[in-house]
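Engineer: Before I ask anything, here is the structure I am working with.
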Amino acid sequence: MLGTHSTTVPKDEIRSILEQLEARFGRPRLIARFDPMDELVSCILSQHTSDANSFPAFTNLRATYPDWQDVVDAGPERVADAIRKAGLANQKSKNIVACLIEIYTRFGSYTLEPLRTMPTLQARKWLMELPGVGPKTASIVLCFSMGRETIPVDTHVYRVSWRIGILPEHVGEVKAHDLLLDSVPSELAFRYHVDLIQHGRVICKAPLPNCSACPIRERCRWFQAGGPEQHASELKVKRRKVAKAP
Ligand code: SF4
């Protein structure tokens, strides 16, 4: 079992890991899909659901209420009707309306542009003070709509980071974001996020990683500590939990 402290994986090794993953999956390029306000709202909608559910909800919200002021004027109940497909509609609509009001109060319009001139950690903290915005949502907004060097930590990024020894096990969400910012060279932040998601989806799956097909197994702490054979009982428990999950 790996320990619970921060990484000892050197930055050069992290760079090599990404190069090996990219030899398999290709190098990701950042193409901003949304402006920061759209990214924030679409990201809140995507919490606890898939893109297949959250994108139609976002599209419907923007078509129904084209201006952010329209969303505020409509209020949480009517907004919930427009975003029903994303799930948790009542909670998400409250958060979206409250975020818009807070942004308007602080910046005098519905914009996140002032964040562009803030240091990255300050901008992340600012976003995390908004209702329903945690470190992952804040990091996605900064990374994808502003090209800032943050690493959103989703389930794949967390799992692969732990298995290869860059994150300790059982670390909290905020701490995981902070540790990765310390550990990964800042210019590799976006590539790290996307490469580990690809790897986690295709090869280093939960609960059973396909280590025999893995291009980075020689560098993986979990594999070197015994891999699937050594951890068979632990994996069996996880597989049972997944099989029982609704
Ligand atoms: S060797 Fe196995 S556990 Fe390690 S990164 Fe590769 S697939 Fe994941």
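The values are calculated or read from the model by the stated rules, or taken from the named source; none is laboratory data. All of these numbers come straight from a predicted model, not from anything done at the bench. Glycine gets a Cβ as well: all are built from the backbone with ideal geometry, and neighbour counts include every protein chain shown.
Engineer: When you scan region 185-204, how many residues do you find that are out of contact with any helix residue (DSSP H, G or I) (no Cβ under 8 Å at 6 or more places or on another chain) and near the ligand (Cβ under 8 Å from one of its atoms)?
Structural biologist: 0
Engineer: Taking LYS136 and the conditions (1) within 30 Å of GLU102 (Cβ to Cβ); (2) modelled with pLDDT of 95 or more; (3) in the same structural domain as ALA23 (by TED's automatic domain parsing); (4) basic (Lys, Arg), which numbered condition does it fall short on, given that it satisfies the others?
Structural biologist: (3) is the only condition that LYS136 fails.
Engineer: Please work out which residue is farthest from SER183 (Cα to Cα), limiting yourself to region 141-166 and to residues that are of a type in the set (Ser, Thr, Tyr) and assigned to a helix (DSSP H, G or I).
Structural biologist: SER145
Engineer: May I ask you to say which residue of GLY165, GLY132 is touching a Leu at 6+ places or on another chain (Cβ under 7 Å) and at positive phi?
Structural biologist: Just a single option satisfies the conditions, and that option is GLY165.
Engineer: Moving to a separate point now. In region 87-140, which residues are among the charged types (D, E, K, R) and assigned to a helix (DSSP H, G or I)?
Structural biologist: LYS92, LYS94, GLU102, ARG106, GLU113, ARG116, ARG124, LYS125, LYS136
Engineer: Here are some conditions: (1) more than 17 Å from LEU18 (Cα to Cα); (2) at pLDDT below 95; (3) not acidic (Asp, Glu). GLY165 meets all but one. Which one does it not meet?
Structural biologist: Unmet for GLY165, out of (1) more than 17 Å from LEU18 (Cα to Cα); (2) at pLDDT below 95; (3) not acidic (Asp, Glu): (1).
Engineer: Same structure again: Just wondering, is there one or more residues in region 207-214 that are more than 8 Å from the ligand (Cβ to nearest atom), of a type outside the set (S, T, N, Q) and in contact (Cβ under 8 Å) with a residue 40 or more places away in the chain?
Structural biologist: no
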